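Here the structure comes first, spelled out in structure tokens, and everything after it is commentary.
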Amino acid sequence: MRSLLGGSALRLLLIHAEEFSFEARQKAIPSAEEVSPERKSGSARNALVVFCTVEKADGKNPDAVVEAATNEVVEVFDKVRASEVVVYPYAHLSKDLAPPTLAVEVLKKLEQALMDKGLKVFRTPFGWYKAFTVKCLGHPLAELSRTILPEEAKLAEKPEEVEAAKSTFVVLTPEGEEYPLDMKNPLSCQVLERDPALKQLVLNEAGLKEERAAPPHIKLMKRLELVDYEPASDIGHFRFYPKGAVLKEALEEFATQIAVRDLRAMKIETPFLYRLDEPDIAEQAARFRERDYRLEVDDREFTLRFAGDFGLFKMMKDVTMSYKQLPIRVYELAPSFRLEQRGECVGLKRLRSFTMPDLHCFCKDLGQAMNEYRELFKQYTRLANSMEIDYAVAFRVVKDFYLENKEWFVELLKIVGKPALIELLPEMKHYWVAKHEYQAIDSTGGNMQLVTVQLDIEDAARYGINYVDEDGSKKGCIILHSSMGSIERWIAAILEQAAKNIASGKPPKLPLWLSPIQVRVIPVSKAFLEYAESLAKILEAKGFRVDVDDREETVPKKIRDAEVEWIPFIVVVGEKEVSTGVLSVRERGVGTYQVQLEELIMKLNNAIGDKPRVPSYLPLRLSMRPRFAA
RNA sequence: GCCCCGGUAGCUCAGCUCGGUAGAGCGGCAGCCUUGUAAGCUGUUGGUCGCGGGUUCAAAUCCCGCCCGGGGCUCCA
């Protein structure tokens, strides 16, 4: 906006006109363009009329100005779907006019540049008093003004490339070998062939992604009666059907297990809503660049939390911590809200309301923080591996930190057993010196961030989170921020993995511990219903999610329905089973076999391991289950 | 936020070009069959054609606006 007050620039006023006509009456200046009689008047329909003023400063770099202006005009032209362009010299947009010779030069170049872009253009003569009529269409884009600054025009040729070019990339293997990675030609890096997920991540990062179809998890989440859009809410807020609720709870329970049982973190809860007149809240919110939900209550402005940090930092500020107590780990399963752009909210990949298992470690020094990091890394790797999905590992590190601690990175990679993309930042750009991400690769080749840990050496001091050291003095902590992704995104990643199976001809499935129904018992006829139910109740008592298909359908039909529902274990019971006590089990993706009940239970226990066992949210009898969707 | 595509029965979709009585399959319901590892048979129910306005004797169909969804771009602790 500075250019409207001072400075000097090419000024454009764009009108999308239903009709436009003009007539040149008489010369206004001696150096007026000489024109033939047929160019002295004209008209156009559905035209983009470009009123255009050339200023003195445009003379510094006329070609760049013309190029930038051309791009602006073409962009608007395409948007409004005009059929021709009128370039209209219009001195009245400026007090700092360019000399006529320069003005004509720029205008002619603009005309030519627009024609080169394939547009139908006519330019009204320069230096004349002209009569004109213009009938503006009056839609939102029908009237626009643009100011092209010469300095911006120069920058426009290489937008922000400077910034991005600063990072360099390498691939590091668990064996400690380092390979340079040229993002302009990433495929030349042979080591990527070792890890297809990493290769895909690098291609995405290099901007080489191809056109993608809709992510298949959206259809799957509906078809499997898990999750669906809720049109009565804002975009990106979902409804969870009972089967989706089981899946979500199992994932939440697993995250909590890792945090509370395995890492001995302290679980807390903090409010969702925060006052913006609190300075540190306002500062945190500002760092999030208007992607938070705002609302006003009783004349006071509030923000909905976009992560657990607000309440956590407030809480930790008041905590008295001794160096002897560190590291301190704090966990919150934090429903969070982010006002993501509408177009960005697609399925479960990115939501405006989601659930984030948020773990922070408060450490006394860098050494302790790096040990903590390793602990988190171990546990989160176990988490990622439990999902049975493909993922890639990426680190973002300040270069000096990487060079000093390369061995530590290799150690981490040994835990996960995969090579990693390492982005080396020339300097501290964020509050962290190092972070890593586990990125799931979906069935269309896109990636989504699941887990992240960030090593933060700044925030504690800023928010007054201190511990008391040996000498009695207060010192700021080193903070590890970590998120075990979002529960919803894990669901997306798991469904995407299933979609990959479908594409490669394998039967899609969910990990057993996440299947809403793990075992379905199918009685061959009504006569065996009671037996089927007693069997189901035994399995249920052992902690499995079971149901019984008691519907009046044929066995093949019931088998089919169970397979369509991706049920991992199907047990058919009839005369044979009652008399022999041996069960006929159909295992998804494996086949049919005979086992004793005890063997089946052992098999299920082994497959589930120590993953959470949440009870079924569905009726035992299939006939009693209502249909929520699909 | 911008551009493109879509919204028809609970679900998946046809019909829309060229306006003239809203269709199929699945599901639901009823009956027959009495069931052994991916769909037994017959009948039947079910729709303010996303919402609002306009054009027309007549609109699912043509026009305008909005809402919802999908894709791309942009953006992205």
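The values are calculated or read from the model by the stated rules, or taken from the named source; none is laboratory data. If you're wondering where the values come from, they're calculated on a predicted model, not measured in any experiment. Using ideal geometry, Cβ is built from the backbone for each residue, glycine included, and neighbour counts are taken over all protein chains shown.
Computed quantities for the displayed model
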| quantity | calculated |
| --- | --- |
| Subset of the range A:193-251 that is among the acidic types (Asp, Glu) and under 30 Å from A:Arg613 (Cβ atoms) - its residue that is modelled with the lowest pLDDT | A:Glu230 |
| Helices (runs of 4 or more DSSP H) fully within the range A:524-607 counting 3 or more residues that are within 45 Å of the chain's Cα centre (by Cα) and within 15 Å of RNA strand B (Cβ to nearest atom) | A:555-564 |
| Residue pairs meeting the criteria (Cβ under 6 Å; at least 6 apart or on separate chains; first closer than 15 Å to A:Thr124 by Cα, in the range A:88-100; second part of a loop (DSSP other than H, G, I, E, B) and modelled with pLDDT of 75 or more) | A:Tyr88/A:Thr124; A:Pro89/A:Phe126 |
| Residues located in the range A:175-198, provided they are within 16 Å of A:Glu437 (Cα to Cα) and either in a loop (DSSP other than H, G, I, E, B) or free of Cβ contacts under 8 Å to residues at least 24 places away in the same chain (or both) | A:Asp195 |
| Flag for A:Pro89 being modelled with pLDDT of 80 or more and of a type outside the set (A, V, I, L, M, F, W, C) | yes |
| Qualifying residue in the range A:556-565 (condition: β-branched (Val, Ile, Thr) and farther than 22 Å from A:Val246 by Cα) | yes |
| Condition met for A:Lys611 (touching a strand residue (DSSP E or B) at 6+ places or on another chain (Cβ under 9 Å) and either in a loop (DSSP other than H, G, I, E, B) or over 20 Å from A:Glu249 (Cα atoms) (or both)) | no |
| Count - residues of the range A:23-41 that are surrounded by fewer than 17 Cβ atoms within 10 Å (Cβ to Cβ) and either outside any strand (DSSP E or B) or of a type in the set (Val, Ile, Thr) (or both) | 11 |
| All positions within the range A:123-142 that are more than 20 Å from A:Arg11 (Cβ to Cβ), under 48 Å from the mean Cα position of the chain (by Cα) and in a strand (DSSP E or B) | A:Lys135 |
| Residues of the range A:485-512 satisfying the condition of being hydroxyl-bearing (Ser, Thr, Tyr) and within 17 Å of the chain's Cα centre (by Cα) | A:Ser486 |
| Of all residues in the range A:472-484 being over 19 Å from A:Asp318 (Cβ atoms) and touching a helix residue (DSSP H, G or I) at 6+ places or on another chain (Cβ under 8 Å), the one that is surrounded by the fewest Cβ atoms within 10 Å (Cβ to Cβ) | A:His481 |
| Residue list for the range A:239-250, filter: under 20 Å from A:Tyr229 (Cβ atoms) and part of a helix (DSSP H, G or I) | A:Pro242, A:Lys243, A:Gly244, A:Ala245, A:Val246, A:Leu247, A:Lys248 |
| Selection within the range A:42-92 - part of a loop (DSSP other than H, G, I, E, B) and surrounded by fewer than 22 Cβ atoms within 10 Å (Cβ to Cβ) | A:Asn61, A:Arg81, A:Ser83, A:Tyr90 |
| Residue within the range A:333-347 that is on the phi > 0 side of the Ramachandran plot, surrounded by 14 or more Cβ atoms within 10 Å (Cβ to Cβ) and in contact (Cβ under 8 Å) with a residue 40 or more places away in the chain present | yes |
| Unique match (being more than 42 Å from the chain's Cα centre (by Cα), β-branched (Val, Ile, Thr) and either modelled with pLDDT of 85 or more or on the phi < 0 side of the Ramachandran plot (or both)) among A:Thr101, A:Thr168 | A:Thr101 |
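Residues are listed down the side, and each one gets a yes or a no for (1) at pLDDT 80 or above; (2) more than 19 Å from A:Val134 (Cβ to Cβ):
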| residue | (1), (2) |
| --- | --- |
| A:Ala17 | yes, no |
| A:Leu48 | yes, no |
| A:Thr53 | yes, no |
| A:Ala69 | yes, yes |
| A:Asp78 | no, yes |
| A:Arg81 | no, no |
| A:Leu114 | yes, no |
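Condition check ((1) within 21 Å of the chain's Cα centre (by Cα); (2) within 16 Å of RNA strand B (Cβ to nearest atom); (3) at pLDDT 95 or above) across all residues:
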{"position": "A:Arg350", "(1), (2), (3)": "yes, yes, no"}
{"position": "A:Phe354", "(1), (2), (3)": "yes, yes, no"}
{"position": "A:Leu366", "(1), (2), (3)": "no, no, no"}
{"position": "A:Leu383", "(1), (2), (3)": "yes, no, no"}
{"position": "A:Ser386", "(1), (2), (3)": "no, no, no"}
{"position": "A:Arg396", "(1), (2), (3)": "yes, yes, no"}
{"position": "A:Lys399", "(1), (2), (3)": "no, no, no"}
{"position": "A:Leu403", "(1), (2), (3)": "no, no, no"}
